[in-house]
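The block underneath contains the structure these notes are about, expressed in structure tokens.
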Amino acid sequence: MGYRAMDIELIEIQEFLANHPPFDQLPEETLARLPKRLSVRYFRRGSPFPPEDADQPYLYILRKGAVELRDPQGELVGKLAEGDLCDMQCRQSSQNPNDQGSTAEDTLVYALPCTDLAQLCHDHPAFAEHFEQSVSNRLRKALDVMVDAPATGTGLMTVRVRDMVNRAPIVTAPDTSIREAARIMSEHQVSSLIVMDGERLAGMITDRDLRGRCIAAGLPTDRPVREIMTEKLKTVDMDTLGFQALIAMTRLNVHHLPVLDEGRVAGLLSSTDLTRFQSSNSVYLVADIHRAKSVEVLARIGARIAELQVHLITGGATANQVGQAVSAITDAITLRLIELAEAELGAPPVPYAWLVGGSQARREQSSHSDQDNALLIADHARPEDDVYFAALAKFVNDGLDACGFIYCPGDVMASNPKWRQPLRIWHKYFANWIVKPEPMALMLSSVFFDLRPLHDPENLYAELQERMLEKTRSNRIFIAYLTANAVKNRPPLGFFRNIVLIHGGDHNHTFDIKHRGTVPIIDLARVYALSAGIPEINTIERLQAAAECGALSKDGSANLIDALEFIGTLRMRHQARQLRNGQKADNFVSPDDLSPLERGHLKEAFLLINTMQESLGQRHQAGRFA
């Protein structure tokens, strides 16, 4: 009976290891031998961990209980629970050699000698990767696995432009007559023509240019094509991903992009080329938006955005790719609403800029985002001109709500007179927010320090942004307050433990993956950007720019980007599952819906964020202002 009980216990240990990474990477025969190499230890709550009386260095595998890891100042830096590993004794150079642990409750562990761990790593490279790779590399690999194995693929997430360009470009010179250019297009059965001035890309003409700029304008066809060509062109190179090209077309509402190969024009990519790889994409949604004649038509298009998000996630898109696509659709809907408003109300009495804020400004929207926007009006506006702008704001805000972008719960919209002001008032707003960083100003920072001009014909916003960045870069007190506010949203380090899960209500036994996962990274990136005077708004672009100017280490930038993409993609996949099931998308994830591997990587991402928050807080002495 004793042997049988021992055999059952060994089998239970083997099954436990097989269900937890990285032991799931070991072959079955190795796993079967491993339990006999383990010793079992029990620690009462409050015991030092790792234990001080060990006869040799061990890897500890938590079977039951919890361990808290704290830095020399006593701050919580990590939390271990069932299935987690404590390998600090096996590392030649631990990342945090001075961290101290203790059991937060009665705890049972399996102990594997470090010598045995070293042998396993030598014999099994896939197993060894867990211990050899950095957290960032593990997150990147986990993300790659997540997006490289979609249920059904669209191709655009992995295909390169070079794989879609299948013919040499058809070109002509700037002095070619419009009539001759049309003949060349007809002969080669193409809808666009690249215009080359020697080796330089001078421009491009399309069927739409021939109709709108020549025939409709009554321009003689013997005039040179330089008079109707588009000169400022967005280009892509041969190694650009198909999805990135798709987003560029969507943003610009164009159907052709010149392709460069080491600076030389190598071809022309069309929306038709993209549709061979993706049957339903945002380019055609944007085309439908620009043809829409009413808010009702736009609302029907807006109802398809959730379907687009599901389609992209199913096809292997990352959170950044989904955010870029959805935000491009929102931009197009907003611009079309502005056009419809002006058509109904008449030309504006003075120039203005429509500014978008929050996730739309950062191009990080999902299909259920609310709206954040404002109006910047030229200083020579008269008080009576606000009647026009109030009507325009109401038209656009109501239209966005009808399209699924609900009214901002905090009323941060252009329809609110407070956020519909002349340039001089906006200058005063930002000066006050920066000089007197009161709680309300810090709360608004996620919207107004992330502004992006969407409709700005007179380039009014450039001056406002430039002066704002000058002030934030030179005001250490403001940055300290902003940092203290940014590090308040702490990631749930032991997120599967009851103390950090929501209890009761509609979201029982869940955690908010947005406000506890992605928002802390967004907040960190905003601090790096404003403290260094970086104009970028998108979070990944901010982190990259911060590394380039030295405001953030390159490793820190890469780590936060990988954490953001991993957590964000888990969030988008959670929402896609809800949308497929006919549910309303939200940010409340149950740990039970995640695999052990996903939970492990998520914990690593949370720990990384916590470390970066601590570092930034110390740099800007955030504790003085908390």
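Remarks
- Cα gyration tensor category, rounded, prolate or oblate, for the range 194-343 with a/c compared to 1.5: oblate
- Candidates S474, H256, V165 compared by Cα position along the dipole of the chain: farthest toward the positive end lies S474, with charges placed on Cβ.
- Cα gyration tensor shape of the range 320-463, rounded if a/c is under 1.5, else prolate or oblate by comparing a/b with b/c: oblate
- Each Lys and Arg contributes +1 and each Asp and Glu -1, all at the Cβ; summed about the Cα centre of the range 552-616, the dipole is approximately 300 debye.
- Each peptide in 478-485, 606-613, 171-178, 452-459 receives the mean, over its residues, of other Cβ atoms within 10 Å, and ordering these scores from highest gives 478-485, 606-613, 171-178, 452-459.
- Relative packing of 14-20, 440-446, 577-583, which averages over residues the other C-beta atoms within 10 Å, highest first: 440-446, 14-20, 577-583
- Identified option (computed log10 I(q)/I(0) by the Debye sum over Cα atoms at q = 0.06, 0.07, 0.10 Å⁻¹; candidates (i) -0.53, -0.66, -1.04; (ii) -0.37, -0.49, -0.93; (iii) -0.41, -0.55, -1.01): (iii)
- Straight-line cross-link reach from K79 at under 16 Å between alpha-carbon atoms covers these lysines, not counting any fewer than eight positions away in the same chain: K64, K603.
- 3J(HN,Hα) from dihedral phi, the range 199-215, Karplus parametrisation 6.51/-1.76/1.60, rounded to Hz, x for glycine, proline: 9, 9, 6, 8, x, 7, 10, 10, 3, 5, 5, 4, 6, x, 9, 10, 5
- Selection from N19, T103, I333 lying farthest towards where the dipole of the chain points positive, charges on Cβ: I333
- Pairwise centroid distance, computed over Cα atoms, of the range 414-483 with the range 532-565, Å: 21 Å
- CD proxy at 222 nm, helix term only [per DSSP H run n ≥ 4: -39500 (n - 2.57); per residue of the chain; nearest 500]: -14000 deg cm²/dmol
- Peptides 538-551, 311-324 ranked from most to least packed by the mean count of surrounding Cβ atoms within 10 Å: 311-324, 538-551.
- Gyration tensor verdict on the range 2-132 (Cα atoms; rounded if a/c is under 1.5, prolate if a/b is larger than b/c, oblate otherwise): oblate
- Listed by chain and number, the aspartates and glutamates placed with their C-alpha closer than 16 angstrom to that of K488 are E75, E438, D512, D523, E614; residues fewer than eight positions away on the same chain are left out.
- Reachable lysines from K394, criterion Cα separation under 30 angstrom, eight or more residues apart if same chain: K293, K418, K428, K514, K584
Where a number appears in this text, it was derived from the coordinates with a stated rule and is not lab data. Quick caveat, the model's predicted, so the values are computed rather than measured. With ideal geometry, Cβ positions are generated from the backbone for all residues, glycine too; neighbour counts draw on all protein chains shown.
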